[in-house]
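First comes the structure, then the notes that go with it.
The values are calculated or read from the model by the stated rules, or taken from the named source; none is laboratory data. Only a predicted model underlies this, so the values are computations on that prediction, with no experimental measurement involved. Here Cβ is always computed from backbone atoms with ideal geometry, including for glycine, and neighbour counts include all displayed protein chains. Quick note on the areas: whole protein, heavy atoms, side chains included, nothing else; ligands and nucleic acids left out. Shrake-Rupley method; radii C 1.70, N 1.55, O 1.52, S 1.80 Å.
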Amino acid sequence: MLRIAAMEKAAHILNTSVPTNVDLRKVAEAVAVRLVGERKQLNIKELKELKMCGHYGGSEFLNMIIDGCMTVVARTQPDLPNPVDPAV
C-alpha cells in the first residue's frame, strides 16, 4: 500500500510540474478565477476537466488552485508593497 501511495504521489508531482497534454495550471487558474473572481459557474465540460485534473494532479493540483486564488486576490489589493529594488 505504501508503494502505491508513493507512486500516486510521484505521478501527481510529475503531472503538475512538467508540461503534459493536460494543462493543469490553466485549469487551476480558471477555477481560481471562478472561486474568487468572476463568480461565473463552471459548465459541464469544465467540471469534467476539473475532475480529470483532480485525478491527475491530486493535492498538488489543489495547491495550484489555492495559489491561483492568492494571485487573483492579490491583484485586487491596493495596499501591496512595492517590489524590492535589487540595486539597493
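Selection of the stretch 31-50 for residues being over 17 Å from Asp67 (Cα atoms), among the charged types (D, E, K, R) and either open to solvent by less than 80 Å² (accessible area, probe 1.4 Å) or in contact with a Cys (Cβ under 8 Å, 6 or more places away or on another chain) (or both) yields Glu46, Glu49.
Among residues of the stretch 9-25 that are under 18 Å from Asp67 (Cα atoms), those with a beta-carbon under 7 Å from a residue that is open to solvent by 50 Å² or more (accessible area, probe 1.4 Å) at least six positions away or on a different chain give the pairs His12/Ser59; Asn15/Tyr56; Leu24/Tyr56. Among the candidates Ala28, Ala10, the residue that is surrounded by 10 or more Cβ atoms within 10 Å (Cβ to Cβ) and touching a Gly at 6+ places or on another chain (Cβ under 9 Å) is uniquely Ala28.
Within the stretch 1-38, the residues that satisfy the criterion of being of a type in the set (Ser, Thr, Tyr) and outside any loop (DSSP other than H, G, I, E, B) are Thr16, Ser17.
Determine, yes or no, whether Asn15 is loosely packed, with under 10 Cβ neighbours inside 10 Å and at pLDDT below 85. It is false that Asn15 is loosely packed, with under 10 Cβ neighbours inside 10 Å and at pLDDT below 85. Annotation note: of Gly54, Gly58, the sole residue that is assigned to a helix (DSSP H, G or I), touching a Lys or Arg at 6+ places or on another chain (Cβ under 8 Å) and at pLDDT 85 or above is Gly58. If you filter the stretch 33-51 down to residues that are basic (Lys, Arg) and at pLDDT 85 or above, you find that the one that is nearest to the chain's Cα centre (by Cα) is Lys51.
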